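I have placed the structure first, in the form of structure tokens, so that the comments after it can refer back to it.
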Amino acid sequence: MIERAIAMLEDQQSKVRARSPQWMVAEQLKDICRHEPHCAELIAQDLENPAMSITEAEKKIKVFADGHKTGGFACVTPVEADRILREFYGLPSQEAEPESPVAGAQVLDLADFLR
């Protein structure tokens, strides 16, 4: 699923200028797919809908940036962009990542088998 989501993002990237805000949205989404594979399926499903394209996602970030201008300057931090993208695509927050299968596992004491 990761490969499919990344391929869909790269397809949309090919239709915008390299290093444009839309292109950078796709880069951030690819990073999310690589580091949080459970999000890749959600992203791939959403990308099938034109209203959920990287261009539409970038518009949400721009609205935030425009609302937080200081003089003629606007900046969106990576954390802010991440939050906006997660809200737009309905992705869980990073804190809400599913536990690894090892988390919460009981520790075996090998000495118990030697008694």
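Tabulated data
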| read-out | value |
| --- | --- |
| Those residues of region 86-112 which are part of a loop (DSSP other than H, G, I, E, B) and modelled with pLDDT of 90 or more, in sequence order | G90, L91, P92, S93 |
| Selection count, region 50-85, where residues are outside any helix (DSSP H, G or I) and either of a type outside the set (F, W, Y) or at pLDDT 95 or above (or both) | 10 |
| Answer residue from region 32-41, given it is within 15 Å of S93 (Cβ to Cβ) and open to solvent by 60 Å² or more (accessible area, probe 1.4 Å) and is nearest to the chain's Cα centre (by Cα) among those | H35 |
| Test result for A44, part of a helix (DSSP H, G or I), over 16 Å from the mean Cα position of the chain (by Cα) and of a type outside the set (D, E) | no |
| R4 being outside any loop (DSSP other than H, G, I, E, B) and surrounded by fewer than 18 Cβ atoms within 10 Å (Cβ to Cβ) | yes |
| Tally of residues being of a type outside the set (K, R) and in contact (Cβ under 8 Å) with a residue 40 or more places away in the chain across region 49-85 | 8 |
| Residue satisfying all of: in region 7-23; of a type in the set (A, V, I, L, M, F, W, C) and free of Cβ contacts under 8 Å to residues at least 12 places away in the same chain; surrounded by the most Cβ atoms within 10 Å (Cβ to Cβ) among these | A7 |
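The values are calculated or read from the model by the stated rules, or taken from the named source; none is laboratory data. From a predicted model like this one, the values you see are computed outputs, not experimental measurements. When we count neighbours, we look across all protein chains shown, and the Cβ atoms used for this are built from the backbone with ideal geometry, even at glycine. Just the protein is used for accessible areas: all its heavy atoms, side chains included, with ligands, DNA and RNA removed. Shrake-Rupley method; radii C 1.70, N 1.55, O 1.52, S 1.80 Å.
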